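Trainee: Pasting a structure below so you can have a look.
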Amino acid sequence: MSLPLLSARDLDLRFGRVVALDRVAVDIWPGEVVAIVGESGSGKTSLLRVLSGLMLPDSGRVLYDGQDVLGMGEAGRRRLMRTDWGFVHQNPRDGLRMAVSAGGNIGERLMATGARHYGNIRGAAADWLARVEIDPARMDDPPRNFSGGMQQRLQIARTLVTHPRLVFMDEPTGGLDVSVQAKLLDLIRRLVADLGLAVMIVTHDIAAARLLAHRVLVMREGVVVEEGITDRVLDDPQHPYTQLLVASVLAA
Amino acid sequence: MHEPGYNFAYLDESTKRMIRRAILKAVAIPGHQVPFGAREMPLPYGWGTGGIQVTAAVIGPTDVLKVIDQGADDTTNAVSIRRFFARTAGVATTERTADATIIQTRHRIPERPLTEDQILVYQVPIPEPLSRLEPRIAETRRLHSMADYGLMHVKLYEDITKHGHIATAYAYPVIVQSRYLMCPSPIPAFDNPKMHMMPALQLFGAGREKRIYAVPPWTEVRSLDFDDHPFRPIRAPHACALCGSTESYLDEVITDDQGGRMYVCSDTDYCNERQALAGGAT
Amino acid sequence: MSFPLVAEGLSKHFTLHLQGGVHIPVLRDVTLRVARGECVALAGPSGAGKSTLMRCLYGNYSTGSGRILVTHAGGSIDLALADARALRAVRRETMGYVSQFLRVIPRVSAAEIVAEPMIAGGRSREAAETRAIALLHRLNLPATLHGLPPATFSGGEQQRVNLARGFGPDYPVLLLDEPTASLDAANRAVVVSLITEAKARGAAIVGIFHDTEVRDQVADRLFDVTPIQDAA
């Protein structure tokens, strides 16, 4: 029986009187996609930030590969975030250097982990641009000039270039047009399968959760009200809030 | 004997002790910038106050001091600073690199290789190598503590993308002992290789920014580059008009209004020595 | 193990919180044992709970009580107690489910949809794709459609992609919900032969067949799913 890649227990977080996390526990195994769904204020984004070490909880434990994430200090967490982990932000501007060329954006993580050959870095960047369906001829253009969908795909390429084992995604399709969302979700789906990534994705989009996730956690007001295998949670919701969420999704 | 009314080397003993502590810490962490309580000096910021405070803290009565500015001993600033120490410390001064025990320099490293008995003190305007890329000091401190130099890597990558080569001619960034990114002060990139495994102690003082940093003797100093775009020291492809050197860093001097120019060694002592040798040979 | 699939004392009810918490019992104390090479047809009136039972067997619906024992990885696992990872492993290697609806994913071609479960189960991409195409041909889906995403296919065409996907991996346990809906006679015959072949290799099959002709050709016995009589 293998161990979870990331394991969190008893996470508590409060902002004044607002409960962001209430004794939350979550595990994620290698190669597994876990979606955290919920509406605004559910605590899902707080959970993601705590799990990825971007925010400290009031109490609780997060273990990655047996290491204590909360206790390892910022240097350790930054190192993880540069190598084993990735983070795809909702707004690509938060995850990209807008004034640096696409190739430079992708190459940065390679250079940070010791890559010293300009030609190879450029080759790797071209490969990844093609993989995320951006024309490699645009390698020297800054993402300032890209569409929102392209910026997001560039962010994904930048994150995946060092083959992280665990990727956190915060509403990666938020703010994108529907057709663009479909392309992005399909891309994420394929990359996850090809690379065997573990992904923790926060989304309010139930359809995206159904498409991408093996397991779903439903959050409401800081509490995980239901969790399980995706099709079961969405087809046979038990908790009243989950039933409400599922019933509220409009079908095309 | 120094002029009465001044403490030896101008600074009071407590200040010298504070600066020495900062220097020791800097030497213990090569390339790391140490904040220090810089004092008001009798010359404004931008004229070498940092270098002067470092020199004042390490100089002793038996030291022999050389001061150069862009390689020359005879510019106004070099002359002023040399005279300052002559008056306040009573030390011997010299224009010959070979005879100096302490060399304070603005923007050049002497051509003549230095020895274990010498100290090189650099005047530094902007100590932070990331300053143009990240204006927030708190953030650059965090980046240095994490050895998170992605900003600089990206800048070099972009240079090659845009210009085909790294477009930095002076203050070319270096990595010291594979750990700290350091600004070597605005010396020409040509001088960078001299810093690597130098037998002399290298001290850097920035008065306005109030930072001291150091490279101990025999320390690895590597200029940032790519394997397929290696660092190359660049000099004007001429020989010195005075001494004929094809290896020293040259200054370009305009000689007349018709655009006539000549190239001469920037390091005046080096040039004079070579001329003396050539003259003596005849 | 001669019974790859055993359901014992299975009960299922729904509580509709959005409708004031109304309690709807659907299955009570269902016991069903399916042997190797056997095809059991669920029989009963519409709304009796046949699809519900099938979804419970697949783990798509949770159960109120009871056990669902599946022979998997050399042992026996109770799906009612299994966690998500274990259930996924069972679905990947042991149990397949052909539902009435094909879940269409934008930009994924019919051939890829069919190949996917085989690849997940360990077959090489090449072998999976070859078999996928072969199955689609067998089900008379024209080659021109193999490379297209099925969003614009007719109901019958989508159903055939669904069937190919379900029959690709040679699951030891197969759940088939209306496998011949929307199919013409020729393709119904193909489905019959697919089921017959699966039985011959030892698969335990549970099916819902509205088409009694097909049912009579493949089912070894019927299992009645009777609607629960409400008290009021």
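Trainee: Relative contact order for chain C using alpha-carbon pairs under 8 Å, separation at least 6, rounded to a whole percent?
Mentor: Values: 431 pairs, mean separation 67.0, N = 232.
With pairs under 8 Å counted, the relative contact order is 29 percent.
Trainee: Take the alpha-carbon centre of the stretch A:4-64, take the same for the stretch C:7-32, and report the distance between them in whole Å.
Mentor: Comparing the Cα centres of the stretch A:4-64 and the stretch C:7-32, I get a distance of 33 Å.
Trainee: Okay, next question. With every protein chain kept in place and ligands, DNA and RNA left out, what is the accessible area per residue of the stretch B:1-76? Probe 1.4 Å, answer in Å².
Mentor: On the way: 3630 Å² over 76 residues.
Counting only protein heavy atoms, the per-residue value for the stretch B:1-76 is 48 Å².
Trainee: After finding the eigenvalues of the alpha carbon gyration tensor for chain A, what semi-axes result from the square roots of 5 times each, listed largest first in whole Å?
Mentor: Its equivalent ellipsoid spans semi-axes of 30, 22, 16 Å.
Trainee: Keeping all protein chains in the complex and leaving out DNA, RNA and ligands, what accessible area do you get for C:F14 with a 1.4 Å probe, in Å² to the nearest 10?
Mentor: Approximately 40 Å² for this residue.
Trainee: When all protein chains stay in place, what accessible area (Å², nearest 10, 1.4 Å probe) is found for A:D194?
Mentor: 100
Trainee: Okay, next question. Mind giving me the FRET efficiency for C:H23 and C:A185? R0 is 51 Å, r the Cβ-Cβ distance, nearest 0.05 is fine. Present the calculation step by step, with values, prior to reporting the outcome.
Mentor: On the way: r = 43 Å, r/R0 = 0.85.
Computed FRET efficiency for C:H23 and C:A185: 0.75.
Trainee: Hey, what number do you get for chain B at 222 nm if only DSSP H runs of n ≥ 4 count, each worth -39500 (n - 2.57), divided across all residues, to the nearest 500?
Mentor: Details: 7 runs with 82 residues, N = 282.
-9000 deg cm²/dmol, from helical runs alone.
Trainee: Then there is this: Ranked highest first by the average count of other Cβ atoms within 10 Å around their residues, in what order do C:212-225, B:45-58, C:19-32, C:42-55 fall? Each step should come with its number before you reach the end.
Mentor: Numbers: C:212-225: 15.6, B:45-58: 23.4, C:19-32: 13.9, C:42-55: 18.9.
In descending order of packing, they fall as B:45-58, C:42-55, C:212-225, C:19-32.
Trainee: Starting from the Cα of B:M1, step 7 Å along the direction of its Cβ; do the same at B:R21; then give the gap between the two resulting points in nm.
Mentor: 3.5
Trainee: So which lysines pass the test for C:K50, namely a Cα distance under 20 Å, with those fewer than 8 places away in the same chain ruled out?
Mentor: Reachable lysines: C:K12.
Trainee: Report, ordered by chain and residue number, the lysines lying within cross-link reach of B:K210, taken as a straight Cα distance under 30 Å and ignoring same-chain residues fewer than 8 apart.
Mentor: The reachable lysines, counting only those whose Cα sits under 30 Å from B:K210, are B:K16, B:K25, B:K66, B:K155, B:K194.
Trainee: How many Å² of accessible area per residue for the stretch B:235-282, probe 1.4 Å? Let's see the in-between values first.
Mentor: Details: 2930 Å² over 48 residues.
Accessible area per residue: 61 Å².
Trainee: Scaled to the compact-protein estimate 2.2 N^0.38 Å, what is the alpha-carbon radius of gyration of the stretch B:123-282, rounded to two decimal places?
Mentor: Values: Rg = 18.5 Å, N = 160, 2.2 N^0.38 = 15.1 Å.
Its radius of gyration relative to the 2.2 N^0.38 Å reference: 1.22.
Trainee: If you average the C-alpha positions of the stretch A:101-168 and of the stretch A:202-252 separately, how far apart do those two centres end up, in angstrom?
Mentor: 32
Trainee: Something else: Where does helix A:102-112 land angle-wise versus the long Cα axis of chain A, in degrees 0 to 90, nearest 10?
Mentor: With both axes taken from Cα atoms, the answer is about 80 degrees.
Trainee: Over the alpha-carbon set of the stretch C:18-103, work out the extent along each principal axis and list the three values in angstrom, largest first.
Mentor: Principal axes ranked by extent give 44, 31, 28 Å for the Cα atoms.
Trainee: Can you pull the mean other chain C-beta count within 10 Å for peptide B:149-158? Spell out each step's value before the answer.
Mentor: Numbers: counts 2, 9, 3, 1, 10, 11, 2, 3, 13, 9.
Mean shielding count: 6.
Trainee: Need one word for the stretch B:235-282: rounded, prolate or oblate. Basis is the Cα gyration tensor (sqrt eigenvalues a ≥ b ≥ c); a/c below 1.5 gives rounded, then a/b vs b/c decides.
Mentor: prolate
Trainee: Another question, then. Between chains C and A, what is the buried accessible area in Å², counting both sides, with a 1.4 Å probe and ligands, DNA and RNA left out, to the nearest 100? Spell out each step's value before the answer.
Mentor: Details: alone 11290 and 11960 Å², together 21190 Å².
Heavy-atom accessible area buried at this interface is about 2100 Å².
Trainee: When you have a sec, figure out the Kirkwood radius of chain B from all distinct Cα pair distances and drop it here in Å to one decimal?
Mentor: Details: mean 1/r = 0.0506 Å⁻¹.
Roughly 19.7 Å, rounded to one decimal.
Trainee: Given C-alpha coordinates of the protein assembly as shown, what is the ratio Rg to Rh with the Kirkwood estimate of Rh? Provide the component values of the computation, followed by the final result.
Mentor: Working: Rg = 37.1 Å, Rh = 31.7 Å.
Taking Rh as the inverse mean 1/r over Cα pairs, Rg/Rh reads 1.17.
Trainee: How much of the accessible area of the stretch B:13-223, probe 1.4 Å, is carbon plus sulfur, in whole percent? Show your work: numbers first, answer last.
Mentor: Numbers: 4550 of 8470 Å².
C and S fraction of accessible area: 54 percent.
Trainee: Within 10 Å of each Cβ in B:221-230, how many Cβ atoms from other chains are there, averaged over the peptide? Intermediate values should be presented prior to the final figure.
Mentor: On the way: counts 0, 0, 0, 1, 2, 8, 7, 7, 4, 1.
Partner Cβ neighbours, averaged per residue: 3.
Trainee: Anything in chain C that counts as a DSSP H helix reaching 15 Å or more along its axis (C-alpha) with Kyte-Doolittle mean of at least -1.0? List them, would you? Present the calculation step by step, with values, prior to reporting the outcome.
Mentor: Details: long enough: C:110-120 (16 Å, 1.25); C:125-138 (19 Å, -0.36); C:155-167 (18 Å, -0.89); C:185-200 (22 Å, 0.81).
Correct list, ordered by number: C:110-120, C:125-138, C:155-167, C:185-200.
Trainee: Report the Cα centroid-to-centroid distance between the stretch C:93-159 and the stretch B:243-282 in angstrom, as an integer.
Mentor: After rounding, the separation between the Cα centres reads 80 Å.
Trainee: From other protein chains only, count the Cβ atoms within 10 Å of every residue's Cβ in A:215-228, then give the mean. Don't skip to the answer; put the middle values down first.
Mentor: Details: counts 5, 1, 0, 0, 0, 0, 0, 0, 0, 0, 0, 0, 1, 5.
Per-residue shielding by partner chains comes out at 1.
Trainee: Give the Kirkwood hydrodynamic radius (Å, one decimal) of chain C, defined as one over the mean of 1/r across all pairs of different Cα atoms. The partial results should precede the final answer.
Mentor: Working: mean 1/r = 0.0547 Å⁻¹.
Kirkwood hydrodynamic radius for chain C: 18.3 Å.
The values are calculated or read from the model by the stated rules, or taken from the named source; none is laboratory data. Bear in mind the structure is a predicted one, so any value in this text is a computation, not a measurement. Cβ atoms come from the backbone with ideal geometry, glycine included; neighbour counts cover every protein chain shown. Surface accessibility is based on the protein's heavy atoms, side chains included, excluding ligands, DNA and RNA. Shrake-Rupley method; radii C 1.70, N 1.55, O 1.52, S 1.80 Å.
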